[in-house]
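Note sheet for the following structure.
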Amino acid sequence: MTVTAWRIVQSRWADTAFSGYGARLEGGRWNFAGISMVYTAESLALSSLEMIVHLPEDALLYSEYVRIPVRFDTELMTVFPRESLPSDWNSIPESESTQKLGTAWAEKNESLILKIPSSVVPEEHNYLINPRHPDYHKLFIGEPAPFRFDPRLIKS
């Protein structure tokens, strides 16, 4: 079965959107700094929400964004069911326990994709991509297309 996931980035980062550079530089909910990882979401709407919670409000209005689809086969994926996650998996700020889990997954290099619940909408999922995995070439990364956040999302 094939899955389509989405990534939204500022248009200036479109060429490197699947390198894992940003996560390697800053770290994230599922990785420590120093570990390359690409965060994607199962829908364009969830990808939008994931962006919104990480940006200053006015950044939505003054930046140009693109949406990029990525398709992959479920055989390339490991699933972390919510029931097996630590109790603080969706804490704010992110917990060290989830960073340890994601980092260990990336370092083991056993699968290209890790399916995990979204902390923004726990009933939906994000897909983490390990850009160092030998099956990385099996991803089908689509062309970036313009994406605009609705200005009504910003309340003054």
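Counting only Cα atoms, I'd like the Rg/Rh figure for the chain, Kirkwood definition for Rh.
0.94
Expressed as a whole percent, how much of the Cα-Cα distance distribution for segment 5-75 exceeds 18 Å?
Result: 41 percent of Cα pairs exceed 18 Å.
If you build a Gaussian network model of the chain, linking Cα atoms that sit under 10 Å apart, which residue out of 47, 91, 11 swings the most?
91
Within segment 12-55, what residues put their amide N at less than 11 Å from the label point 7 Å along the Cα-to-Cβ vector of residue 4?
Under 11 Å, as judged by backbone N against the label point of residue 4, lie 43-44 of segment 12-55.
Long-range amide H contacts for residue 142: which residues qualify at under 5 Å (H placed 1.01 Å from N, peptide plane, sequence gap of 5 or more or a different chain)?
Amide H neighbours of residue 142, under 5 Å, 5+ apart: 70, 71.
Can you work out the Karplus-derived ³J(HN,Hα) for every residue in segment 38-53? Use 6.51 cos²θ - 1.76 cosθ + 1.60 with θ = phi - 60°, whole Hz, and x for glycine or proline.
10, 9, 10, 10, 6, 9, 5, 5, 5, 4, 4, 4, 4, 5, 4, 5
How do 48, 97 rank when sorted from fewest to most other Cβ atoms within 10 Å of their own Cβ?
97, 48
What order do you get for 123, 75 when you list them from fewest to most C-beta neighbours inside 10 Å? Don't skip to the end; give the middle numbers.
Details: 123 8, 75 12.
Neighbour counts put them in this order, fewest first: 123, 75.
Kindly write out, for segment 100-115 in residue order, the coupling ³J(HN,Hα) from the Karplus curve 6.51 cos²θ - 1.76 cosθ + 1.60 (θ = phi - 60°), rounded to whole Hz, with x marking Gly and Pro.
5, 4, x, 5, 4, 4, 5, 5, 5, 6, 7, 9, 6, 10, 10, 8
Taking the Cα centre of the chain as the origin, how large is its charge dipole in debye, to the nearest 20, when only Lys and Arg (+1) and Asp and Glu (-1) carry charge on their Cβ atoms?
For this selection, approximately 200 debye.
For residue 138 and residue 83, what does the FRET efficiency come to when R0 = 30 Å and r is the distance between their Cβ atoms, rounded to the nearest 0.05?
The value I calculate is 0.55.
What are the ³J(HN,Hα) values, in whole Hz, obtained from phi via the Karplus relation 6.51 cos²θ - 1.76 cosθ + 1.60 with θ = phi - 60°, for each residue of segment 77-87 in sequence order, with x given for Gly and Pro?
Once rounded to whole Hz, the list reads 10, 10, 10, 9, x, 3, 4, 9, 7, x, 4.
What order do you get for 125, 54 when you list them from fewest to most C-beta neighbours inside 10 Å?
With the sparsest Cβ surroundings first, the list reads 54, 125.
Quick note: the coordinates plus some simple rules give every number you see, no bench work behind them. For clarity, every value in this text was computed on a predicted model and none was experimentally measured. Cβ atoms come from the backbone with ideal geometry, glycine included; neighbour counts cover every protein chain shown.
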